[in-house]
1. Counting DSSP beta bridges with both partners in the chain, what percentage is antiparallel, nearest 5?
2. What list of ³J(HN,Hα) values in whole Hz, one per residue of the stretch 230-242 in order, does the Karplus curve 6.51 cos²θ - 1.76 cosθ + 1.60 (θ = phi - 60°) give from phi, with Gly and Pro shown as x?
3. Rolling a 1.4 angstrom probe over the protein heavy atoms, how many square angstrom per residue are accessible across the stretch 514-577?
4. Rounded to whole Å and ordered largest first, report the semi-axes of the equivalent ellipsoid of the chain derived from its Cα gyration tensor (root of 5λ).
5. Amide H neighbours of R465 under 5 Å, at least 5 residues apart or on other chains, H built in the peptide plane: list them.
6. Return the loop-located trypsin sites (Lys or Arg not before Pro) in the stretch 12-97 (DSSP other than H, G, I, E, B) with at most 14 other Cβ atoms within 10 Å of their own Cβ; answer none if there are none.
7. Just to be sure I understand the model, the point goes 7 Å from the Cα along the line to the Cβ. What's the resulting L393 to R542 distance in nm?
8. Place a point 7 Å from Cα of K493 in the direction of its Cβ. Which residues in the stretch 444-486 have their backbone N less than 15 Å from it?
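The values are calculated or read from the model by the stated rules, or taken from the named source; none is laboratory data. None of the values given here were measured: they were computed from a predicted structure. So basically every Cβ, Gly included, is an ideal-geometry build from the backbone, and we count neighbours across all protein chains shown. The protein model used for the area step is the full one, side chains on, heavy atoms only, and it has no ligands, DNA or RNA in it. Shrake-Rupley method; radii C 1.70, N 1.55, O 1.52, S 1.80 Å.
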Amino acid sequence: MEGDLVGTTGQDRTRELEAALAASLAEEGHVDPDALARAQQLAEQEDSRLWHVLPRLGMIAETQLAETLANTFDLPLARVEDFPAEPLLVDRVNSRFLRKYSILPLAETSRTVTIATASPDCDYIVQAMGQALDKKIKVTLAPLNEIQSALDRLYDDGSTAMARLAEAGEVGSTTLAMEDLELLRDSASGAPVVQLVNLIIERAIEAGASDIHLEPYEDQLVVRFRIDGILKTVESPPARLRSAVISRIKLMANLDIGERRLPQDGRIKHPVRGIPIDMRISTMPALSGESVVLRILDRSTVELKLESLGFGADACEKIDRLIRRPNGIILVAGPTGSGKTTTLYTALQMINDDSRKIQTVEDPVEYQLPGIVQTQVRSNIGLGFAKVLRSTLRHDPDVIMVGEIRDLETAEIAVQAALTGHTVFSTVHTTSAVESITRLVDMGIKPYLLAATLAGIIAQRLVRRLCNECKTEVCVEASRLGWALEEGDGGKKTYTVWKANGCDSCSQTGYRGRTAVYEILTVDEAFQSDLSQFDGQPNLLRAAEKGGLRRLSHCGFDKALKGETSIEEVLRVVMDS
C-alpha cells in the first residue's frame, strides 16, 4: 500500500505501536473488538501496518484514524488548512520519495522542517530527511487520503496518479489466452492494478457518479462516469492493462475471470475513504474484450425524504394520503434511471412501523431497509417475480413492494393481492401515468379490475439542478412555451427563467445534482368510472386532467420558473411524455 514505511524501526517497534493503537480504538469504541482482531491478524499475515489495513477494510474513516493516532502517540494533528499553498523543498527532496512514503512538507524555518505523515513509525524517514536537509524534522499526523491529494496537487511531476500507477503495472499482452489465467489472476491482484481500480472507484464517488462504464476498444480502454444522468469520459488506464483491470473488478465481485463469452452479474462491497460502498457489477462480451458497468449504490448520498427528492409540499401531502390507504395498487412510472426505486423506498420508509408487515420482491435489492423483509429475485434458478410474489402472500404481509410489473402473471397477482386487502407498490417502465394504465390493459388486465384496485400513479423523471453559483436569468417569449403553458396562462408575453452557464463549482457544466419532475394521478370515483369503461388513452388522459392531473411538462416548467432547472433540461427530459 502507498505510504507503507517498510523497515523503518523494526518489527518489534511496529507491533508495539499497533498494540497501543488497538488499545485506544477498543477503549474509544471506534472499531468492533472482533473486527479489530481480524484486522490485526490480516496485518500480520500481509506484513503490513494495522493503520493501513483498518481503513482499507472500511472499519474506520481516514480522518477518525488520524485523530486516534495523534491522541494515542501524543503527536500534533495537521488539518487541510495547515497544508501549504505552494510546494516546499522541491529542489532538495525528490517528489518520488515524498510520494513513495506519503510525506508532505508543511513548513520550513532556518532550523526545522515540519512534515505530515499517516504513519507513526516513520523514524527512519525522519532521520533520512534530517540528515539530507541538515535540519530538525517535526512530525505531525494527517489522513493518508488528504496527504496523497495534496501531493498530487503540489508536486506535479508531469504525470497524473493514474499514469504513475499504470507505469508501475507491468502487464504484457492485452489478449491473454485461457491458459494464461494464473498470470492474469496474478496481474489483477498486483498492487498497481489494485490501486488503479481503487482510484477509478474513488474518483467516481468523489464526482458523484451513479455508474462507472469501462468500454474496451482495440487500442484503448475507455472509462466513463454517469454524473447527473449524463455520461462523461474521464482519464483511463492504457489499453495494455485492460485485461488486468477488468479481471480485478471481476475478482472483487467473485465472478469467473475465465468466462469471457457470457454476461455475468455480481456485487461488490468496497470501502472508499473508510465508508463501505455497495456496487452492482455487470459484464458483457464485446469485440475487443469485456464491457463492464458498475452501478454505485451509495446509501450515504440518498436521503429518503420526498422533499429531498424534489417533491413539493402539495405533492408530498397527496402522496402521503395515497400510500396510507389500507389497500390498492400504487405505481411509480418512468424510464430506467428516473428514480422510481428511490421514491418507492421513501414511501415504504414513511409507513414503516410496528403495526405493518412490509415485504419486498426486488431485482436486485438496491438498499437494505431495516424493519422490512426484502427478497431478491433469482431468475437463473427459476425464482421470478410471480413465484416469489405468490410465496410472499402466504406470509400475511400488510404491504408488498414488487420491484417491477413486467408481465401479465405478475400483474394479475398484484391485482389479486389488492383485491384481498393488501397495499401493493410497484413500478412500470412507461412515460406517463395514463400510459401505465394502457400498458396494464395491453398486458391483459381487465379495465374494471384496474378501476377496483388502482389507487394512484406517480410518473417521474430526474432533471439536473442549475448551479446556484453561475445560473443567470433570461427572458423567453410565451410563443416558444406552448408545450408548457396551461389554460389560463395565455396573458403573459414573456417569462423569466434561468439558464446554465458553467463555473468551477459545477465543473463547467452549469448543473449540480438532480431533482424530480412528476405527475400524480389519484383514482377517485369519477376517474374509476371512466377507467372501467376504458376506450383509449386520449379519452382517459382528458378525464385525468379534468380530475386535476398536472403533466410532467407543467411541473418541469414550474421548476424552471423557480430557477431550479432550465427550460433546455426540461425539454431534454420530459418532452417524450
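1. Details: 56 of 86 bridges.
Expressed as a percentage, antiparallel bridges in the chain total about 65.
2. 10, 6, 9, 6, 10, 4, 10, x, x, 4, 5, 9, 5
3. Details: 2960 Å² over 64 residues.
Per-residue accessible area for the stretch 514-577 comes out at 46 Å².
4. On the way: eigenvalues 527, 164, 113 Å².
In descending order the semi-axes read 51, 29, 24 Å.
5. Under 5 Å from the amide H of R465: R512, G513, R514, T515.
6. Details: sites: R13, R15, R38, R49, R56, R79, R92, R96; in loops: R49, R79, R92.
Those satisfying the criteria are R79, R92.
7. Those two pseudo-labels are separated by 3.7 nm.
8. Output list for this probe position: 475-480.
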